[in-house]
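Below is one structure, written out as structure tokens; comments come after it.
The values are calculated or read from the model by the stated rules, or taken from the named source; none is laboratory data. This structure is a prediction, so every number in the text was calculated from the model and none was measured. Cβ sites come from the backbone with ideal geometry, for glycine too, and all protein chains shown count toward neighbours.
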């Protein structure tokens, strides 16, 4: 029962997040002073003379639909919601007409998921490892130094790291490529090497900033847990240090607070923030993910693309948060059993 | 000065330095810092131009001071209202309970999950980089109140059951008085910490948005300074002061804010006798 209650509350939040997110995306353009459709059509007509009147009319129709400008407000809103939820159809990209936005997103989403997934897992593991070490060996000099470094790293935003890494490793010491080159097709080892080589700097800037936070929170958590009576008791009954840590400080215990669970909750809560960081990092490194796609949409005033990518990013973050939340029952027996 | 710890002192020193740069120095300069071609371009640092001038003919030092001020103002504005709304929402949810609690928490959880940057980018792209800083601040408030609301709610939930609150209620104290006199002191220390942290988050979000040119490009903030430097290939041209000074300022301000926040938490823990 408890598990069902847990599941239903998470699903409710998930659905609500997506609905509210889409509602915001739907209504924001309506409150803006300029009419995006006409300004866009004007821009397109000036760019290419190959489009005939029928194509422009068709374009105006899809644009009007996308911005919810046909029919009553209620009809537009529900039409938009239905179209996006059931068919994920955002219309064609305006600058790469007639490629559907859906296709562009499908091409770039895996890049973001990989970069973000890998760098988040790495920073979570490294950060919590260092944090645990600094927390349980709190009198050692190295744990103070590690914590100090984390304190200096954590508050610095992603894009500053990205800029600094670009300055250092692409301009001053040109080790890595200045502008990333991901022009690869098909899977070969050579291509994989290129991709990894070009992903090192963006990943590094995401990992560095992420790690700082996990170190700081894990240090505090493990320090507190380490001072609990049950851990002292475990030591007194003669267990060696390794067992004390692995059985009592680290794992979820059925009755007492522990250190891993809050860190997983925190990861779920932080997904939005982490995603925000990766968007800017991608843009600065020219990494071919969702962030760069949004940026391309902005630069070329491709509103279908902007609407599509932004809705997708809300959907992606909500889903990632839900997945992390659903890991909970596997780790915490309190949610599984009554 | 008792209980003052190293972090608190260090944080205060760093922030005071930047507060003076941001709030005192701009008073000494009467011109418009964002105006192009005010001075010869690309001058080296000298007594007249402490940090030199950039390729747009702006004086980097005065531009930096003004950028620091705007960024701080955004941070303070967002932090003040987010914390205020968050505390109120959290108290109401925790003390009222029931349907009110569930609705407030559903809203809070939703805003925590929705990534704020894409929404800000959407607004920025529709206004083509001329969004007013108030609008951006408003959106940031919408995304930052849930954190204090969650925390204050859980505090209010435990406080609600305490005997002394019941006694106050039964002896006829008004709800407002109970809130201010009996509950707020418990929430205060945590709220100050949250306030400082939200300043950091707000400055960071605005400058992140500005770095990609989606904030208010004509205003001088730390983020737009980086944006213009990037736009004019400051790195390629080796103009390190131009792009480096806002980067260094952001790093130091954030480290200062973070030290101040953790220092304040340690300080209030000691004062409570822990």
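Based on this model, can you work out whether residue B:188 counts as more than 21 Å from residue B:14 (Cα to Cα), more than 9 Å from chain A (Cβ to nearest Cβ) and part of a helix (DSSP H, G or I)? Quick ask: steps written out before the conclusion?
Values: more than 21 Å from residue B:14 (Cα to Cα): yes; more than 9 Å from chain A (Cβ to nearest Cβ): yes; part of a helix (DSSP H, G or I): yes.
So residue B:188 passes the test.
Candidates are the residues of the range A:163-195 that are at pLDDT below 75 and within 13 Å of chain B (Cβ to nearest Cβ); the one that is farthest from the chain's Cα centre (by Cα) is A:178. The set of residues from the range B:76-87 being crowded, with 21+ Cβ neighbours inside 10 Å and over 14 Å from the mean Cα position of the chain (by Cα) comprises B:86, B:87.
Evaluated against (1) in a loop (DSSP other than H, G, I, E, B); (2) buried (at least 19 other Cβ atoms within 10 Å of the Cβ); (3) free of Cβ contacts under 8 Å to residues at least 24 places away in the same chain, residue B:238 falls short on exactly one condition, (2).
Filtering A:160, A:156 for residues that are surrounded by 14 or more Cβ atoms within 10 Å (Cβ to Cβ), assigned to a loop (DSSP other than H, G, I, E, B) and within 18 Å of the chain's Cα centre (by Cα) leaves a single hit, A:156.
Restrict the check to the range B:59-70 and report whether at least one residue is within 20 Å of residue B:144 (Cβ to Cβ), out of contact with any strand residue (DSSP E or B) (no Cβ under 6 Å at 6 or more places or on another chain) and assigned to a helix (DSSP H, G or I). Step through it out loud before you land on a result.
Filtering the range B:59-70 for residues within 20 Å of residue B:144 (Cβ to Cβ) gives B:70.
Filter once more, keeping what is out of contact with any strand residue (DSSP E or B) (no Cβ under 6 Å at 6 or more places or on another chain): B:70.
Next, from what is left, pick out any that are assigned to a helix (DSSP H, G or I): B:70.
For the range B:59-70, residues within 20 Å of residue B:144 (Cβ to Cβ), out of contact with any strand residue (DSSP E or B) (no Cβ under 6 Å at 6 or more places or on another chain) and assigned to a helix (DSSP H, G or I): present.
Cβ-Cβ distances below 6 Å connect no pair with a first residue in the range B:169-181 that is on the phi > 0 side of the Ramachandran plot, a second residue that is surrounded by 12 or more Cβ atoms within 10 Å (Cβ to Cβ), and a separation of six or more residues or different chains. A single member of B:73, B:56, B:51, B:27 is surrounded by 15 or more Cβ atoms within 10 Å (Cβ to Cβ) and assigned to a helix (DSSP H, G or I), and it is B:73. The range B:88-164 holds helices (runs of 4 or more DSSP H) entirely within its bounds, and those carrying 1 or more residues that are at pLDDT 85 or above, surrounded by fewer than 22 Cβ atoms within 10 Å (Cβ to Cβ) and touching a strand residue (DSSP E or B) at 6+ places or on another chain (Cβ under 6 Å) map to B:133-144.
Taken over the range A:277-310, residues that are within 8 Å of chain B (Cβ to nearest Cβ), over 18 Å from residue A:196 (Cα atoms) and either free of Cβ contacts under 8 Å to residues at least 24 places away in the same chain or not in a helix (DSSP H, G or I) (or both) amount to 6. Among the candidates B:177, B:150, the residue that is away from chain A (no Cβ under 12 Å) and over 18 Å from the mean Cα position of the chain (by Cα) is uniquely B:177. Filtering B:197, B:217 for residues that are within 14 Å of chain A (Cβ to nearest Cβ), on the phi < 0 side of the Ramachandran plot, modelled with pLDDT of 85 or more and within 21 Å of the chain's Cα centre (by Cα) leaves a single hit, B:197. If I filter the range A:235-249 for residues that are crowded, with 20+ Cβ neighbours inside 10 Å, modelled with pLDDT under 80 and not in a helix (DSSP H, G or I), do I get at least one hit? No, every residue in the range A:235-249 fails to be crowded, with 20+ Cβ neighbours inside 10 Å, modelled with pLDDT under 80 and not in a helix (DSSP H, G or I).
Residues of the range B:125-143 that are within 24 Å of residue B:187 (Cα to Cα) and within 11 Å of chain A (Cβ to nearest Cβ): B:142, B:143. Given the condition under 30 Å from residue A:285 (Cβ atoms), surrounded by fewer than 18 Cβ atoms within 10 Å (Cβ to Cβ) and in contact (Cβ under 8 Å) with a residue 60 or more places away in the chain, answer yes or no: does some residue in the range B:186-204 qualify? No, the conditions are met nowhere in the range B:186-204.
Please work out if residue A:113 is within 14 Å of chain B (Cβ to nearest Cβ), at pLDDT 80 or above and touching a helix residue (DSSP H, G or I) at 6+ places or on another chain (Cβ under 8 Å).
Details: within 14 Å of chain B (Cβ to nearest Cβ): no; at pLDDT 80 or above: yes; touching a helix residue (DSSP H, G or I) at 6+ places or on another chain (Cβ under 8 Å): yes.
Against the criterion (within 14 Å of chain B (Cβ to nearest Cβ), at pLDDT 80 or above and touching a helix residue (DSSP H, G or I) at 6+ places or on another chain (Cβ under 8 Å)), residue A:113 does not qualify.
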